[in-house]
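Report on the structure given below.
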Amino acid sequence: MTLDQNRLRIALQKSGRLSTDCQQLLKGCGVKLNLREQRLIAHAENMPLDLLRVRDDDIPGLVMDGVVDLGIVGENVLEETVMERQATGQSAEYSVLKRLDFGGCRLSLAVSEEFDYQGPKSLEGKRIATSYPWLLKRYMDSQGVKFKSVMLNGSVEVAPRAGLADAICDLVSTGATLEANGLVETDVIYRSKAVLIQSANPLAANKQKVIDKLLPRIQGLQQARE
Ligand code: ATP
Ligand code: ZN
């Protein structure tokens, strides 16, 4: 199975917190999909549209490299990727077609309950575990605080207890995970939602037609939910 150049290509998270909402969104737009199998690529049955199902972290790069036309991803991952790619001289161009009404979360600093937290300055010289080193650095720079980041792609919330870090910078939605790990949220450094983004590459007319059909439908779905 391959991607057909004549069909609009959208990258979506394969499985995780965004996948159900993304599938519901497409379904609501009238896209008929066959997602029974754990395939990387899924073809829509009733429009020239293919889905590429990947890890969310790969979505911004696939769009920025023009491998896919569109992608749905959290702004947190998007913004982090932009900063990382800019720092390493890779292209980081894209446009936001629509901010979506799901995937809401915040990226926050948190410390253990015993930590005497008096503001970001309390973290001067400390180790902070995170999967978002660039967003964290931007915030700490704005506060004039130097720190050491400890890069973890999972289990960030156990890092303080495990003695790997003094604080964490992680995604929060309800705060239940923080609480379960004896952590207290101190600073919200970024607020995120899912966004539909488009590659900066010029788009063939037939693909643009599909977008022109989908966008008003997304708009309508979101308005109905407001
Ligand atoms: P993948 O296997 O695709 O890399 P992941 O484990 O990195 O998945 P998820 O936990 O599924 O990612 O989260 C995907 C996105 O969902 C996040 O980047 C964020 O934009 C959004 N999100 C919404 N609420 C939360 C939350 N409470 N915790 C984490 N992410 C959340
Ligand atoms: Zn991920």
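The values are calculated or read from the model by the stated rules, or taken from the named source; none is laboratory data. Keep in mind that this is a model prediction, so the values were computed, not measured. Here the Cβ positions follow ideal geometry from the backbone for every residue, glycine too, while neighbour counts run over all protein chains shown. Keep in mind that these areas ignore ligands, DNA and RNA; they rest on the heavy atoms of the full protein, side chains included. Shrake-Rupley method; radii C 1.70, N 1.55, O 1.52, S 1.80 Å.
When you check A11 against the structure, is it free of Cβ contacts under 8 Å to residues at least 12 places away in the same chain and of a type in the set (A, V, I, L, M), yes or no?
So A11 fails the test.
W134 passes all but one of (1) away from ligand 2 (no atom under 16 Å from the Cβ); (2) touching a residue at least 40 places away in the same chain (Cβ under 8 Å); (3) surrounded by fewer than 19 Cβ atoms within 10 Å (Cβ to Cβ); (4) not in a strand (DSSP E or B); which number fails?
Going through the list (1) away from ligand 2 (no atom under 16 Å from the Cβ); (2) touching a residue at least 40 places away in the same chain (Cβ under 8 Å); (3) surrounded by fewer than 19 Cβ atoms within 10 Å (Cβ to Cβ); (4) not in a strand (DSSP E or B), W134 breaks only (1).
What about V188, is it out of contact with any Cys (no Cβ under 6 Å at 6 or more places or on another chain), in a strand (DSSP E or B) and closer than 24 Å to T81 by Cβ?
Against the criterion (out of contact with any Cys (no Cβ under 6 Å at 6 or more places or on another chain), in a strand (DSSP E or B) and closer than 24 Å to T81 by Cβ), V188 qualifies.
Identify, please: which residue in the range 49-107 is over 20 Å from C22 (Cα atoms) and among the β-branched types (V, I, T) and is, among those, nearest to ligand 1 (Cβ to nearest atom)?
Among residues in the range 49-107 that are over 20 Å from C22 (Cα atoms) and among the β-branched types (V, I, T), the one nearest to ligand 1 (Cβ to nearest atom) is T81.
What residue, among those in the range 8-37 that are within 16 Å of ligand 2 (Cβ to nearest atom) and touching a helix residue (DSSP H, G or I) at 6+ places or on another chain (Cβ under 7 Å), is farthest from L49 (Cα to Cα)?
G16
Name the residue, out of G154, G125, G89, that is within 16 Å of ligand 2 (Cβ to nearest atom), without any contact (Cβ under 8 Å) to a residue 24 or more places away in the chain and either open to solvent by 30 Å² or more (accessible area, probe 1.4 Å) or not assigned by TED's automatic domain parsing to the domain that holds Q23 (or both).
When all the criteria are applied, what remains is G154.
Determine if the range 198-214 includes at least one residue that is surrounded by 18 or more Cβ atoms within 10 Å (Cβ to Cβ) and either acidic (D, E) or not in a helix (DSSP H, G or I) (or both).
Yes, some residue in the range 198-214 is surrounded by 18 or more Cβ atoms within 10 Å (Cβ to Cβ) and either acidic (D, E) or not in a helix (DSSP H, G or I) (or both).
Take the range 159-184 and flag every residue that is β-branched (V, I, T) and either buried (at least 17 other Cβ atoms within 10 Å of the Cβ) or assigned to a strand (DSSP E or B) (or both).
Passing the criteria: I168, V172, V184.
Specify which of the listed residues (D101, D50, D58) is out of contact with any strand residue (DSSP E or B) (no Cβ under 7 Å at 6 or more places or on another chain), in contact (Cβ under 8 Å) with a residue 40 or more places away in the chain and surrounded by 17 or more Cβ atoms within 10 Å (Cβ to Cβ).
D58
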